Amino acid sequence: MTSRSRQAVKLAQLLSERTGRTVRHAYDGPGWHLEWVDGPTCDRMRTMAIEYAHKFPDLPLKEFRFYRSQTDAAEVVAWLLWIDADLERAATYAPTFQFRMAYDATDDPDRAPEVWQRRGRALHALISETYNTNRSSSPTGPSGHTIIAETMAARIKTDGWEAVLLWLDEQAEGHRGRHLRIVD
């Protein structure tokens, strides 16, 4: 094992300990990369790695690539938190980009407070249900994410964010009587 390899192992261990995530390292020809699931954004992980640069003189940390993959649940929670922080985003950005943008900008969405996790689970279930329904009627139609983002943006405009959150809380508690209606 080379000095760089040993240092990459140690860096991944330090970042794993610091973030509470499993951080893996790899060398794939053109260079080194670090990867993990959910947790810190790529920018935050890069900043943490560079803080350790003095411990790893043989590693070209500024050339490292950082890959954060996501779970579906964390992606949905990130979207809710992202919208909650700035309601205009729901109307400003195209629904097809909102979930990716939200996830890329949100640290530790899988460790958000339980109220957001419950809302995320309820919304994820709705997205899955919408996706399955839409795919059976139109295989080339919009995704469940797009339909829900558009629907929620319309609801935020007409009823307000608090009403949408109340509805999500009801869904999370199993009250399926009320539906998120699509505004004409």
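The numbers here are math on the coordinates, done by the rules we state, and not lab data. Small disclaimer: the values here were computed from a predicted structure and weren't measured. Neighbour counts run over all protein chains shown; Cβ positions are idealised from the backbone, glycine included.
Results, tabulated for the structure shown:
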| item | result |
| --- | --- |
| Under 5 Å, built H, 5+ apart or other chain: amide partners of GLN70 | ASP38 |
| Residues whose placed amide H lies under 5 Å from that of ALA26, excluding near-sequence neighbours | HIS33 |
| Along each principal axis, Cα extent of the stretch 72-172, largest first, Å | 36, 28, 26 |
| J(HN,Hα) series, the stretch 99-105, from Karplus relation 6.51 cos²θ - 1.76 cosθ + 1.60, nearest Hz, glycine and proline x | 5, 5, 4, 4, 5, 4, 9 |
| C-alpha long axis of helix 114-137 to longest principal axis of the chain, angle in ° | 70 |
| Residue exposure sequence - VAL9, VAL164, VAL77 - by fewest surrounding Cβ within 10 Å | VAL9, VAL164, VAL77 |
| Tail beyond 31 Å, pair distance distribution of the chain (Cα, percent) | 31 |
| For the chain, with +1 on Lys and Arg beta carbons and -1 on Asp and Glu, the positive-most of PRO40, ALA102, ALA78 along the dipole | PRO40 |
| Förster radius 25 Å - calculated FRET efficiency between PHE97 and ASP28, Cβ distance, rounded to 0.05 | 0.35 |
| Column: log10 I(q)/I(0), Debye, Cα scatterers of the stretch 3-69, q = 0.11, 0.13, 0.18 Å⁻¹ | -0.20, -0.28, -0.56 |
